[in-house]
Amino acid sequence: MTETILRQTTARPKDVPWLSLKYREMLEAWLFISPTLIGFLIFFLGPLMAIVYYSMTEWNLLTQQATFVGLDNFQDALFVNPDFWHVVRNSVIFALGLVPLNMALALTLALALSRPFFGVVFFRTVFFAPVITSAIAWAIVWKFLLQGEAGAVNQMLAWVGIDGPNWLREPNWAMAAVIVTRVIKMVGLNMILYIAALQAILRDYEDAARLEGASRWQIFRMIIWPLLAPTTLVIMVITTIGSFKVFDHIYQMTGGGPENGTLVLAYYIYQQGFEFFDVGYASALAMIMFVIVMVLTVVQVTVRRRGME
Amino acid sequence: MTGLVLKDLKKRFGGTQVIRGVDLAIEDGEFVVFVGPSGCGKSTLLRMISGLEDITSGELYIGDRLVNDVQAAKRGVAMVFQSYALYPHLNVRDNMGFGLKVRKVPAAERERRVNEAAATLKLDALLHRYPRELSGGQRQRVAIGRAIVGNPDVFLFDEPLSNLDAELRVHMRSEIASLHKRLSTTMVYVTHDQIEAMTLADKIVVLRDGLIEQVGSPRELYERPGNLFVAQFIGSPKMNILPAASARLLAPFATPPASAESVGVRPEHLAVVEPSDNVLRGKIALSEYTGAVTLMHVELPNGQTCLVVHDGKDLPAFGSEIGLMADRQNLHFFDRNQMAAQQ
């Protein structure tokens, strides 16, 4: 009986598909990821390769003539042109101002808004709304608010007897003003990430620590903060990358001024490429920026990972 | 002496009354188990004792101290959580020593107490490991160790074994029992598993809808349930409840009290006999072989199903008619209010 069954089942049926199950599943998987893959190849990898090539040419957009110059553009940026290091310095100052301020504010808001209370959704919405607002519209509004005498910010300061500066026109204040407006715009995103992380932390940890006599500060410092480390790392990386890529606020609010005081890398690349039409040099700058952001990300990830170990 | 006294304890969450007036005295060194179905308020009651939940009204004494307004950390209690609540970024040593560290106990003393607790629970070899590197049973032992280190007056356990598999649960149950014998500290233990309650407790508190249904030793609750709920909740498989008239068929000399509406008989107290007009008759609808015994589902003439524990010898065939009888003293009568009927 058993032999008969075995003989019957080992005979290959006639209607077997031409592909085995394994290959059919593989084909289906490729079909599903193909839209994203094609988009990635056309809109990301393609331009990236093009920029690598452009960065080694002297190509003027107006004359449409490209000449291969090897690494001259890189040499020019790194060792000849003093503007480049000034711009890098500005970008670093921008990042050093924005990242800690953004993260501290995001964490404070998340700690306040992670637990349910009446009106919590309203407050979360208020702080998140700027994230989905058009960056250019946001920058225009703040440009008006931060005007010298007529600006709403200075008028409010005047009520309490403070004579506010012309925020976007004074070299000492312009960078700080742009950083703060950018922080207010983007803090909601990091707040949401921190809220999600805080809500994922088991309530029992806090209860156990409370029972063991830990104060609120000790619970935060010894339990919550270490458990937030992976989220903090992600936030730090994306905020740093975002701060190096900042363009719209600078473009609309200061145009890189005053006295090139807010001229940051992304805006400088735009200037070189689309105001001075030097596409080759702009591409080389974009490559350098890509490397800087990569290195910073690797450093941050490595440092945090060592810290966690 | 660290017993507990709960006087008319109540807890309200918004408009919902979760604990509706609990009076209970727990002796020093006693092992008390709160048992009841999900949502009965047993964990809430435990958290009220710990100080993690406020008390809406009533009085709670730990020892002779009224602790309603005393912070959780100052009540002298330690709690073992269902989730273990081991801090994932700290190793076993740091987890166990956390409470001592925040209380600023000197490092040498901390070390000594952690080592002592680790030796008691055979955790010495695991002190450098992180919670993610431990099995469920080891995590539970660390959680208990963390509680021991603080040298509390009262241990609170909130369903500590429910995340473990059946075999480990039995093992950990015996470890907790022997720990109680060794420490002789008051322990309050919450579970929905009545086997756990029966095996561990000196005293069981059966809760339902925020009220105590009955308090007593496991034997008292099993042998003299105060009402229908307790009768069916304690004991596995649960007690069969039949119309009071069935009592005379089950035990010829049984005399049901006048107020009796129903009679309860445990599946393990029913004996299979030849079917006749003088015994309770039924047909075998299903037999479940469990190894040690067989659980028979017997369909009675009134459509009810009656469970019978059978030793498996000469097991009646599926669909065959059998008779059922029980000893008179194993019958439990309940009145129309589902309370134990008085003779």
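Below is a table of values for the structure above.
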{"read-out": "B:HIS171-A:MET49 FRET efficiency (beta carbon distance; Förster radius 56 Å; 0.05 resolution)", "value": "0.35"}
{"read-out": "Segment B:239-334: equivalent-ellipsoid semi-axes (sqrt of 5 x gyration tensor eigenvalues, Cα, Å)", "value": "22, 13, 12"}
{"read-out": "Trypsin sites (Lys or Arg not before Pro) within segment B:107-138: DSSP coil, no more than 14 neighbouring Cβ in 10 Å", "value": "B:LYS122"}
{"read-out": "Using θ = phi - 60° and Karplus 6.51 cos²θ - 1.76 cosθ + 1.60, couplings along segment A:261-274 (whole Hz; Gly, Pro as x)", "value": "x, 10, 6, 9, 4, 4, 5, 5, 4, 4, 4, 5, x, 10"}
{"read-out": "Segment A:PHE68-A:PHE122, extension gain: residue separation times 0.36 nm, minus the distance between their alpha carbons", "value": "13.7 nm"}
{"read-out": "Per-residue Cβ neighbour rank within 10 angstrom, fewest leading, B:SER57, B:SER287", "value": "B:SER57, B:SER287"}
{"read-out": "Pair A:ASN81, B:ALA119: separation of 7 Å Cα→Cβ label points (nm)", "value": "7.2 nm"}
{"read-out": "Phi to ³J(HN,Hα) by Karplus 6.51 cos²θ - 1.76 cosθ + 1.60 over segment A:276-283, Hz, x for Gly, Pro", "value": "9, 6, 9, 5, x, 5, 4, 5"}
{"read-out": "Extension reserve of the B:GLU220-B:THR290 stretch, reckoned as 0.36 nm per residue once the Cα distance is removed", "value": "22.5 nm"}
{"read-out": "Loop-located chymotrypsin sites (Phe, Trp or Tyr not before Pro) in segment B:240-343 whose Cβ has at most 16 other Cβ within 10 Å (DSSP)", "value": "B:PHE253, B:PHE318"}
{"read-out": "Label-point gap, in nm, between B:LEU211 and A:LEU41 - each point 7 angstrom along Cα→Cβ", "value": "7.3 nm"}
{"read-out": "Neighbour-count ranking [beta-carbon atoms within 10 angstrom, fewest first] of A:ASP278, B:ASP314, B:ASP209", "value": "B:ASP314, B:ASP209, A:ASP278"}
{"read-out": "Number of partner chain Cβ atoms within 10 Å, mean per residue of B:78-88", "value": "5"}
{"read-out": "Value in Å of the Kirkwood radius, where segment B:146-249 supplies the Cα pairs that are averaged", "value": "15.5 Å"}
{"read-out": "Table column - 3J(HN,Hα) (Hz), segment B:26-37, Karplus curve with 6.51, -1.76, 1.60, x for Gly and Pro", "value": "10, 6, 4, x, 7, 9, 10, 10, 8, 10, x, x"}
{"read-out": "Cα gyration tensor of segment B:21-83 - equivalent ellipsoid semi-axes, whole Å, descending", "value": "18, 14, 14"}
{"read-out": "Per-pair calculated FRET efficiency, R0 = 30 Å: B:ALA25 and B:ASP327 via Cβ, rounded to 0.05", "value": "0.30"}
{"read-out": "Cβ-defined net charge surrounding A:TRP142, 12 Å radius [Lys, Arg +1; Asp, Glu -1]", "value": "+2"}
{"read-out": "Sparse-neighbour loop sites [GluC sites (Glu not before Pro); segment B:24-124; at most 15 other C-beta within 10 Å; DSSP]", "value": "B:GLU27"}
{"read-out": "Span per principal axis, largest first, for the Cα atoms of segment A:105-255 (Å)", "value": "56, 36, 29"}
{"read-out": "Calculated log₁₀ intensity ratio I(q)/I(0) where the Debye formula runs over C-alpha points of chain A, q = 0.06, 0.11, 0.13, 0.16 Å⁻¹", "value": "-0.34, -0.89, -1.11, -1.35"}
{"read-out": "Among the listed pairs B:LYS74/B:LYS122; A:LYS143/A:LYS185; B:LYS238/B:LYS283; A:LYS185/A:LYS245; B:LYS42/B:LYS203, those beyond 22 Å (Cα-Cα)", "value": "B:LYS74/B:LYS122"}
{"read-out": "Distance between modelled label sites at B:PHE13 and B:ASP311, nm, 7 Å Cα→Cβ extension", "value": "4.9 nm"}
{"read-out": "Helix-derived mean residue ellipticity, 222 nm - over chain B, DSSP H n ≥ 4, -39500 (n - 2.57), to 500", "value": "-7500 deg cm²/dmol"}
{"read-out": "Length added when fully stretched, B:TYR130-B:LYS104, from 0.36 nm per residue minus Cα-Cα", "value": "7.1 nm"}
{"read-out": "Order of A:ILE162, A:ILE292 under a 10 Å beta carbon neighbour criterion, fewest first", "value": "A:ILE162, A:ILE292"}
{"read-out": "Shielding by other protein chains, B:65-72, mean Cβ within 10 Å", "value": "1"}
{"read-out": "Along each principal axis, Cα extent of chain B, largest first, Å", "value": "79, 43, 35"}
{"read-out": "Computed FRET value (nearest 0.05) for A:PHE290 with A:ILE136, which takes r as the C-beta separation and R₀ as 30 Å", "value": "0.80"}
{"read-out": "D (Stokes-Einstein, µm²/s), Kirkwood Cα radius, segment B:87-151, 1.002 mPa s at 20 °C", "value": "188 µm²/s"}
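FYI, it's all coordinate maths here, none of it is from the lab. Since the structure is predicted, the reported quantities are computational estimates derived from the model, not experimental observations. Every residue, glycine among them, receives a Cβ derived from its backbone with ideal geometry; neighbour counts consider all protein chains shown.
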